[in-house]
Amino acid sequence: MNLQNEIESIIKEAKSSLSSCQAEDQLDATKNLFIGKKGKLTQVLKGIASLTVEEKKTIGKFANEAQAEIESFLEEQRTRLKESYYSESLKSEVFDALRPIASSERGSLHPITQIQYEIEDIFTSMGFSIMDGPEVETDENNFAALNFTDDHPARDMQDTFYTVDGNLLRTHTSAIQVRALKNLKPPFRIIAPGRVFRYEEVDASHENTFYQVEGMVVGEGISIAHLIYTMETLLSRIFRKTVKTRLRPGYFPFVEPGFELDIQCLVCEGKGCSVCKHSGWLELLPCGLVHPNVLSAGGHDPKRWTGFAFGLGLDRLVMMRYGIHDIRYFQSGNLRFLKQF
Ligand code: PHE
């Protein structure tokens, strides 16, 4: 067989191998068998040495054409494979934009977090900013700067967890009042939500860990009228109806005068029922005007500045909202309880 015939049969063989390939990587491997460095065509061309110059020219040209022919055939095959891949996958793949997704369980915010966020929204809409403070506090911030002297009997009102280094777990968010007075320039309005701790015997209405939102407004001429207005606005928005309030005297070393704010019973509207123990009123939150000693300790002149403060317990509020009778549910991690919110 002369070289030309051999080359022709290589072309034929290459074409038939390429057309039986099923994937693109097979195409490349097959190509190497014929026109790669060790391919059949290359091998055949080694015989060229014994030819005359004229014959070398003809065969050389012929071999180049053969290579080009195989390569272009290979590209056709590549296109064939791609097209059949796409048309096959179009047949088998389905895209249904309306198909419902598999249902998955959704979490929800803890009811205390929910009410905290609502309260934050109400207060920011009234121009308050939100402040934060650490859960481990100094005696200074939790007590001393709030007008609790060392031997003050009121320190016993709040049973305290102390840390070995002489600090404590804050017993109330009022510690953030001190931080506000030290860090902000009056006039200011802040609320400070947070977790607080007391060394309490735990039962249906007492927890060692609970939540408060502190509020503090300091300015010139701030009075009890501002306090009452702010509390009534807050409570009407939380309970989604007009809420009647009253103030009774209450004692806290950092307010003077200090009050307990009651709301008219939401269940019987003041007529008297079992929820309000037939008094028509529910005790809701302690508050008062900021004590001059507290303003002074914070570096502000009590003759110029006055203010009010309040401490709202979130656990009680959520219990009232949903009729929950045991405070221990909140920290229990009980999913059957939590999934209801
Ligand atoms: N910090 C007080 C408490 O937890 C509540 C309070 C706050 C009272 C602000 C007056 C003003 O008992």
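Between residues in segment 65-81 that are of a type in the set (Lys, Arg) and residues that are assigned to a helix (DSSP H, G or I), which pairs lie under 9 Å by C-beta distance while being six or more apart or on different chains?
Close Cβ pairs satisfying both conditions: 78/24; 78/27; 80/19.
Of the conditions (1) in contact (Cβ under 8 Å) with a residue 60 or more places away in the chain; (2) in contact with a Leu (Cβ under 8 Å, 6 or more places away or on another chain); (3) in a helix (DSSP H, G or I), residue 108 satisfies every one except a single condition; which number is it?
Of everything listed in (1) in contact (Cβ under 8 Å) with a residue 60 or more places away in the chain; (2) in contact with a Leu (Cβ under 8 Å, 6 or more places away or on another chain); (3) in a helix (DSSP H, G or I), residue 108 misses just condition (3).
Collect the residues in segment 188-210 that are assigned to a strand (DSSP E or B), open to solvent by less than 60 Å² (accessible area, probe 1.4 Å) and within 14 Å of the ligand (Cβ to nearest atom), keeping them in residue-number order.
190, 191, 192, 193, 194, 196, 197, 209, 210
Checking residue 331 against (1) touching a residue at least 60 places away in the same chain (Cβ under 8 Å); (2) more than 16 Å from the ligand (Cβ to nearest atom); (3) part of a helix (DSSP H, G or I); (4) not aliphatic (A, V, I, L, M), which test does it fail?
Condition not satisfied by residue 331: (3).
Given the residues 303, 277, 271, which is the only one that is at positive phi and open to solvent by 50 Å² or more (accessible area, probe 1.4 Å)?
Details: 303 fails: at positive phi; 271 fails: at positive phi.
Answer to the check: 277.
Here is a check on your reading of the model: is residue 148 more than 30 Å from the chain's Cα centre (by Cα) and touching a residue at least 60 places away in the same chain (Cβ under 8 Å)?
Values: more than 30 Å from the chain's Cα centre (by Cα): yes; touching a residue at least 60 places away in the same chain (Cβ under 8 Å): yes.
Here the answer is yes, as residue 148 does meet what is asked.
Does residue 78 count as open to solvent by 80 Å² or more (accessible area, probe 1.4 Å) and over 19 Å from residue 212 (Cα atoms)? Spell out how you get there, then give the answer.
Values: open to solvent by 80 Å² or more (accessible area, probe 1.4 Å): no; over 19 Å from residue 212 (Cα atoms): yes.
Answer is no for this residue.
So which residues in segment 1-52 are polar (S, T, N, Q), part of a loop (DSSP other than H, G, I, E, B) and open to solvent by 90 Å² or more (accessible area, probe 1.4 Å)?
Across segment 1-52, the qualifying residue is only 22.
I'm trying to understand the selection: among the residues of segment 245-266, which are farther than 25 Å from residue 149 by Cβ and surrounded by 16 or more Cβ atoms within 10 Å (Cβ to Cβ)?
Across segment 245-266, the qualifying residues are 245, 247, 261, 262, 263, 264, 265, 266.
So which residues in segment 146-187 are touching a helix residue (DSSP H, G or I) at 6+ places or on another chain (Cβ under 7 Å) and open to solvent by 30 Å² or more (accessible area, probe 1.4 Å)?
147, 179
May I ask you to list the residues in segment 131-145 that are open to solvent by less than 20 Å² (accessible area, probe 1.4 Å) and either under 34 Å from the mean Cα position of the chain (by Cα) or not assigned by TED's automatic domain parsing to the domain that holds residue 165 (or both)?
Let us first name the residues in segment 131-145 that are open to solvent by less than 20 Å² (accessible area, probe 1.4 Å), namely 133, 137, 141-143, 145.
Hits for segment 131-145 are 133, 137, 141, 142, 143.
Which of (1) surrounded by fewer than 17 Cβ atoms within 10 Å (Cβ to Cβ); (2) within 21 Å of residue 123 (Cα to Cα); (3) touching a helix residue (DSSP H, G or I) at 6+ places or on another chain (Cβ under 7 Å) does residue 220 not meet, given it meets every other one?
Going through (1) surrounded by fewer than 17 Cβ atoms within 10 Å (Cβ to Cβ); (2) within 21 Å of residue 123 (Cα to Cα); (3) touching a helix residue (DSSP H, G or I) at 6+ places or on another chain (Cβ under 7 Å) one by one, residue 220 breaks only (3).
The values are calculated or read from the model by the stated rules, or taken from the named source; none is laboratory data. Just so it is clear, the model here is predicted, and its values are computed rather than measured. Please note: Cβ atoms are built from the backbone with ideal geometry, for glycine as well, and neighbour counts cover all protein chains shown. Accessible surface areas use protein heavy atoms only, side chains included; no ligands, DNA or RNA. Shrake-Rupley method; radii C 1.70, N 1.55, O 1.52, S 1.80 Å.
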